[in-house]
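Data first, discussion second: the structure below is written as structure tokens.
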């Protein structure tokens, strides 16, 4: 359960507060931003261009992501942003930075917006004599300060819906995954994957294959057999090109969640304990399902 909690927190951090350094300068009036990986940004995202060296920041909106290394802004930059100033782009829903994502519910919220991920319940049943099916339930809560302004209520809805979409996009989130970078490109319709070391893989293992290209994030497939110390064969052909230049990787999935979904959202007001701060809040009910194989003897 703890591995699922930390993996969901990492997933939300990666996509709600995505950060990428600029790989080329953005001139005054420029609307094209070059970075190493665009996969964690979406069309319509709100973000900042920032430089800690120059102590400057600029709000921007993303209108297009044409490839894995290019972001197009809705309008030209009001200043130049250079690699020398270690400039970067960071996503910020409603142009507000997430203050924290905390495991476990908080009675006192020290800053806003804050997201908490808390365990609700776990149930299981026998699937076969050596397999149990587990159903985990979580509550994901988002808190903003209730200041009475319409913009705050809209912000809470936007942030909650982004969390929902991130979870739906990753209905089989990676739990305790082991990443192996591709050492050769993996063209569409091929089944042989080349990596640095296949010693941890075995026939029947599930793997996720992905790179930085902005399209469906990954392909899930099973290992058919180990061909050599650096190559494995997949059970089905690959549906996309996965390239070394786009940070292509194959992830060995040690725990496979076969289904997950945010199935309900509730909105309301909460009063923080101690300080009595009135907060606008949402709660997403989220479930995840897993089959666990039990290799030991079953006493009947």
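Can you tell me which of 165, 273, 122 moves the most in a GNM of the chain? Springs connect C-alpha atoms under 10 Å apart. Its mean-square fluctuation being the largest, the pick is 273.
Protection proxy ranking of 63-72, 282-291, by the mean of other Cβ atoms within 10 Å over each peptide's residues and highest first, is 282-291, 63-72. Mean sequence separation of contacting Cα pairs (under 8 Å, at least six apart), scaled by the length of the stretch 103-235, corresponds to a relative contact order of 14 percent. Only Cα pairs under 8 Å and 6+ residues apart enter the sum, and on that basis the relative contact order of the chain stands at 18 percent. Computed over the chain with a Gaussian network model linking Cα atoms closer than 10 Å, the most mobile of 204, 276, 76 is 276.
Here the Gaussian network model covers the chain, with springs between Cα atoms less than 10 Å apart; of 172, 210, 100, 100 fluctuates the most. Taking the square roots of 5 times each eigenvalue of the Cα gyration tensor of the stretch 18-91, largest first, gives ellipsoid semi-axes of 17, 13, 11 Å.
Relative contact order, whole percent, for the stretch 181-220 stands at 26, derived from Cα pairs under 8 Å and 6 or more residues apart.
Rounded to the nearest 500, the 222 nm mean residue ellipticity of the chain from helices alone is -4000 deg cm²/dmol, with -39,500 (n - 2.57) taken per DSSP H run of at least 4 residues.
FYI, it's all coordinate maths here, none of it is from the lab. Because the structure is predicted, anything quoted here is derived from the model rather than measured. As a convention, Cβ positions derive from the backbone with ideal geometry for all residues, glycine included, and neighbour counts pool all protein chains shown.
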